[in-house]
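Readers should treat all values here as calculations from the given coordinates under stated rules, not as data from a laboratory. Bear in mind that the values here come from a model prediction, so they are computed numbers and not experimental data. Every residue, glycine among them, receives a Cβ derived from its backbone with ideal geometry; neighbour counts consider all protein chains shown.
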Ligand code: HQG
């Protein structure tokens, strides 16, 4: 039987990256119908119920998902590679934000700055500990300090997702402290 973590990762796959894996599509604002999701995921060996999804959403360490007020739909709060508009809140960032990455990417980041890769945005955090955890996913972690207030003054937009992840389209190398 698959673990709750495997089920959570599968929800991330469907709601952020590849809904087509189970022949679903997301609404323009990122929602998936719960009933359809449960039925189609169950055909792919993932045994979801409304109760088990509610538990994953409630216990997600990063609060990755949100269920609509009427309980009929679910979406990811951030992290998408598919082009959806979750209505992110534009916000003035703090002086400094952090980005966790791996040592093997540093040379390229020094040359290009931070780019979103397959995702819609570059992901930043307000605290260094979170950034270290994110970096560890890719290898030997390094935490970069981002001059976010300076970027904002220069016209870059910042957004804060429902689950408190800071997002921006790109970070020029000259605004990164290595
Ligand atoms: C790196 C997780 C070379 C970037 C986390 C990162 C996060 C470059 C990797 C969220 C580069 C992309 C996102 C450049 C950026 N050259 N490498 N110019 N610019 N990179 O997974 O930020 O647990 O797409 O440093 O907690 O690691 O899934 O992004 O290492 O919030 O909910 O390219 O995903 O959340 O990797 O992680 P990712 P990320 P969940």
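Run lengths n ≥ 4 of DSSP H only: what is the helix-derived mean residue ellipticity at 222 nm for the chain, with -39500 (n - 2.57) per run over all residues, to the nearest 500?
On the way: 6 runs with 51 residues, N = 178.
My calculation for the chain gives -8000 deg cm²/dmol from helical runs alone.
For the residues 112, 164, 78, a GNM of the chain with alpha-carbon springs under 10 Å puts the largest fluctuation on 112. Using only Cα atoms and rounding to the nearest 10 degrees, what angle (0 to 90) does helix 50-59 make with the longest principal axis of the chain? For helix 50-59, the angle is close to 20 degrees. Using only alpha carbon pairs under 8 Å that are at least six residues apart, calculate the relative contact order of region 4-76 and give it in whole percent. Over region 4-76, the number comes to 32 percent. Exposure proxy ranking for 80, 7, based on other Cβ atoms within 10 angstrom of each Cβ and starting from the fewest, stands as 7, 80.
Derived from the Cα gyration tensor, the three semi-axes of the equivalent ellipsoid of the chain are 32, 17, 14 Å, largest first.
With contacts taken as Cα pairs under 8 Å and at least 6 residues apart, the chain reaches a relative contact order of 21 percent.
Classify region 4-76: rounded, prolate or oblate, from the alpha-carbon gyration tensor (a ≥ b ≥ c, eigenvalue square roots; a/c under 1.5 rounded; otherwise prolate if a/b is larger than b/c)? It is rounded, given that a/c, with a ≥ b ≥ c, falls under 1.5.
Between region 37-78 and region 104-178, how far is it from one alpha carbon centroid to the other, in angstrom? Centre-to-centre (Cα) distance: 28 Å. Between the helical axis of 34-43 and the longest alpha-carbon principal axis of the chain there is an angle of about 80 degrees.
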